[in-house]
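Here's the structure, in C-alpha cells; my notes come after.
The values are calculated or read from the model by the stated rules, or taken from the named source; none is laboratory data. All of these numbers come straight from a predicted model, not from anything done at the bench. Here the Cβ positions follow ideal geometry from the backbone for every residue, glycine too, while neighbour counts run over all protein chains shown. Note: areas computed on protein heavy atoms with side chains; ligands, DNA, RNA excluded. Shrake-Rupley method; radii C 1.70, N 1.55, O 1.52, S 1.80 Å.
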Amino acid sequence: MERPLTTQSNPLAQAALKKRAQFVPSSVAAYSGVVVDRAENSTLWDVDGKKYIDFAGGIGALNVGHCHPKVVSALQKQAGKFTHTSFHVASYPDYASVCEKLIQTIPTSHPQKAALFNSGAEAVENAVKLARFFTRRSAVISFGYAFHGRTLLCLTLDGREKVLKSGFGPFAPEIYRAPFPYPYRAPLGITPDELTEYCLEELKRLWRSEISPEQTAALIVEPVQGEGGFIVPSSGFLKGLRELCDAHGTILIIDEVQSGFGRTGKFWAFEHEGAVKAQGRSSASRFRKSVSDEGILPDLLVAGKSLAAGMPLSAVIGRAEIMDAAPSGAIGGTYGGNPLSCVAALAVFEIFEKEDLLKKANLIAKTVKARFDAFQKKFSVVGESRGLGAMRALELVSNPKTKTPLSPDQVKKIIAECEKKGLLILKAGIFDNVLRTLMPLTIEEKTLAEGLDILESVLEGFSS
Ligand SMILES: Cc1ncc(COP(=O)(O)O)c(C=O)c1O
C-alpha cells in the first residue's frame with residue numbers, strides 16, 4: 001500500500017495527512033507527501049509554504065501548466081453563467097466547439113465526429129462500446145503492460161497484475177492480450193530489430209489460437225505506453241497493427257490519454273509513425289484511407305488528461321460512421337462535456353496555437369534527453385534513458401548488465417529524496433522502476449534546469 005512519505009518539518013501538511021489517513025482509504029494512492037496550497041505554471045507551494053518544481057503535472061494533465069491565466073479567466077467567466085445543465089438536457093455551443101477542435105487535429109479529410117466524457121477510463125469504455133456496436137463483434141485485444149484505466153473493463157484491458165488487477169476479478173469477458181514491443185526488455189533471443197516482427201507474429205498466433213480476427217472488434221494500443229514505463233514501441237509496430245486491422249475490418253483504437261496534447265512533440269504520438277504508402281491492403285478493407293501517405297490514422301482515438309488543463313474531460317474522436325452507428329442515448333452521461341471543462345479545453349487549444357507549445361515540447365525534449373542520456377553514462381543506477389519528445393524516462397536498475405530492476409523501495413527513496421529537495425516526480429513501469437517526466441510544456445528553462453539538477457544530485461547518491 002502506498003503511504004505518504006513526509007520527511008520535513010511541515011506541521012500543516014502533517015495535520016492534513018493525518019486527517020487524510022483517518023478519512024480516506026489507503027487504497028487511494030499517495031505518490032507523495034505534498035499537501036498543496038497553490039500552484040502556478042510548473043511550481044507548487046505546499047500548505048507550509050515550501051516550493052516544489054512539478055515534473056508530475058497532475059499525472060500529465062497540465063501540459064499548459066497550472067493556473068494558466070487564459071484557463072482561469074475562461075473558468076471564472078463560465079462559472080458565473082452556468083456550471084451544468086447536462087448536455088443531453090440543454091446543450092451549449094462550447095461542447096461542439098471542443099469536438100470541432102479535436103477533429104481538426106486528426107490529419108484526415110475523412111469525416112470525423114467526437115463525443116466528450118469525464119475520465120480517460122470512461123472514454124476508453126465508450127470507444128470499446130462503439131467499436132463493438134459498429135462491427136457487431138465482441139472480442140478486444142489489448143497489449144502487455146498497457147494501462148487504460150481502473151474501471152472493470154479497463155482493468156481487464158490493463159496488462160499489469162499487481163495492485164491493479166490482483167483480487168478484483170472476475171474480469172470482463174472477451175478481452176485478449178498480445179505482447180507489446182519493449183525494446184529494453186526484449187524476449188531472450190529476440191534482437192530489438194526483430195521485435196516488431198516478433199510481436200506482430202504473436203498477435204497473428206493469438207488470432208489462430210484464441211480468437212479469430214473475424215470476431216475481433218478492436219485492438220486498443222497506447223502509441224507510447226504511459227504507466228507501463230514510457231515504452232516506445234519498436235519501429236513499424238503501429239503501422240503493422242494498422243495494416244492488420246485494415247486486412248480484417250478490425251477497429252484500431254489509439255489511446256492517447258497520456259501521450260497526447262503535444263507531450264511527444266507532435267500533437268498526437270501516432271503522428272510519429274513514419275511515412276508509409278497506402279498499398280498492398282486487402283480489397284475487403286473497410287478502411288481504405290486509414291493508412292495515408294503521411295502515416296497511420298486511428299479509427300477511434302481516446303483523449304483525456306491535458307485536454308482541459310486538469311478539469312475532468314475526455315473524448316473519443318473517430319470515423320463518423322463508427323461514432324454515429326449506436327442509437328441515441330447509447331453513450332454519454334450526466335456530466336460528460338461539462339461546460340466548465342469545455343471552456344478550459346477551448347482555452348487549451350488557444351494556448352497551444354498562440355504559445356506554440358509543440359515547439360516548446362521539442363525544446364524540453366532536447367534538454368531532458370541530453371541530461372538523461374548523460375545520467376545513463378554517469379550513473380550505474382540508470383539502465384536506460386528513453387522516450388519520445390518530452391515524454392522521457394529513466395529505467396532504474398541495480399545492475400546495468402543484468403538489467404535487474406531497482407527495488408521498489410529504493411525507487412521510493414529516490415522519489416522521496418527528490419521531494420525533500422523540492423522536486424515532484426512520478427514513477428511508472430511494471431517493475432515500478434521508471435522515473436518519468438510529465439512537467440508542463442510551459443515550464444521555464446530555468447525551472448527545468450533546476451529540477452534536472454535536483455534529480456542528478458539525488459541519482460548521484462544512489463549510484464556506486
Ligand atoms: C493511456 C491511458 N489511458 C487511460 C487512462 C485512464 O485515465 P483516467 O485516470 O482519467 O481514467 C490513463 C491514465 O493514466 C492512461 O495513461
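Taking only segment 57-99 into account, find how many residues are over 25 Å from VAL36 (Cα atoms), surrounded by 15 or more Cβ atoms within 10 Å (Cβ to Cβ) and free of Cβ contacts under 8 Å to residues at least 40 places away in the same chain.
Number satisfying all stated conditions: 1.
What residue, of CYS199, CYS154, is in contact with a Phe, Trp or Tyr (Cβ under 7 Å, 6 or more places away or on another chain) and open to solvent by less than 10 Å² (accessible area, probe 1.4 Å)?
Going through CYS199, CYS154 in turn, just one is in contact with a Phe, Trp or Tyr (Cβ under 7 Å, 6 or more places away or on another chain) and open to solvent by less than 10 Å² (accessible area, probe 1.4 Å): CYS199.
Just one of ALA29, ALA39, ALA15 is within 16 Å of the ligand (Cβ to nearest atom) and surrounded by fewer than 20 Cβ atoms within 10 Å (Cβ to Cβ); which is it?
ALA29
Quick grid of which residues meet (1) among the hydrophobic types (A, V, I, L, M, F, W, C); (2) touching a Ser or Thr at 6+ places or on another chain (Cβ under 6 Å); (3) assigned to a loop (DSSP other than H, G, I, E, B):
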residue: VAL28; (1), (2), (3): yes, no, yes
residue: SER32; (1), (2), (3): no, no, yes
residue: ALA39; (1), (2), (3): yes, no, no
residue: ASN63; (1), (2), (3): no, yes, yes
residue: ALA74; (1), (2), (3): yes, no, no
residue: GLN78; (1), (2), (3): no, no, no
residue: SER86; (1), (2), (3): no, yes, yes
residue: ILE103; (1), (2), (3): yes, no, no
residue: SER109; (1), (2), (3): no, no, yes
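Any chance you could count how many residues in segment 223-257 are open to solvent by 10 Å² or more (accessible area, probe 1.4 Å), part of a loop (DSSP other than H, G, I, E, B) and either closer than 17 Å to GLU125 by Cα or away from the ligand (no atom under 16 Å from the Cβ) (or both)?
Total meeting the criteria: 4.
I'd like the residue in segment 157-171 that is assigned to a loop (DSSP other than H, G, I, E, B) and more than 16 Å from the ligand (Cβ to nearest atom) and, out of all such residues, is most open to solvent (accessible area, probe 1.4 Å).
Going through segment 157-171, the residues assigned to a loop (DSSP other than H, G, I, E, B) turn out to be 158-160, 166-171.
Imposing the further condition that a residue be more than 16 Å from the ligand (Cβ to nearest atom) reduces the set to 166-167, 169-171.
Working: SER166: 52, GLY167: 79, GLY169: 44, PRO170: 116, PHE171: 79 Å².
Here the residue is PRO170.
Of the conditions (1) more than 12 Å from the ligand (Cβ to nearest atom); (2) open to solvent by less than 50 Å² (accessible area, probe 1.4 Å); (3) of a type outside the set (Ser, Thr, Tyr); (4) assigned to a loop (DSSP other than H, G, I, E, B), ILE141 clears all except one; give me its number.
Exception for ILE141: condition (4).
How many residues does segment 58-70 hold that are away from the ligand (no atom under 16 Å from the Cβ) and under 19 Å from ALA315 (Cα atoms)?
Of all residues in segment 58-70, those away from the ligand (no atom under 16 Å from the Cβ) come to 64-70.
Restricting the remaining residues to those that are under 19 Å from ALA315 (Cα atoms) gives 64.
Residues meeting the conditions: 1.
Which numbered condition trips up THR108, out of (1) within 18 Å of GLY260 (Cα to Cα); (2) in contact with a strand residue (DSSP E or B) (Cβ under 6 Å, 6 or more places away or on another chain); (3) more than 16 Å from the ligand (Cβ to nearest atom)?
(2)
I'd like the full set of residues that are within 12 Å of the ligand (Cβ to nearest atom) and of a type outside the set (Val, Ile, Thr), limited to segment 147-156.
Scanning segment 147-156 gives PHE147, HIS148, GLY149, ARG150, LEU153, CYS154, LEU155.
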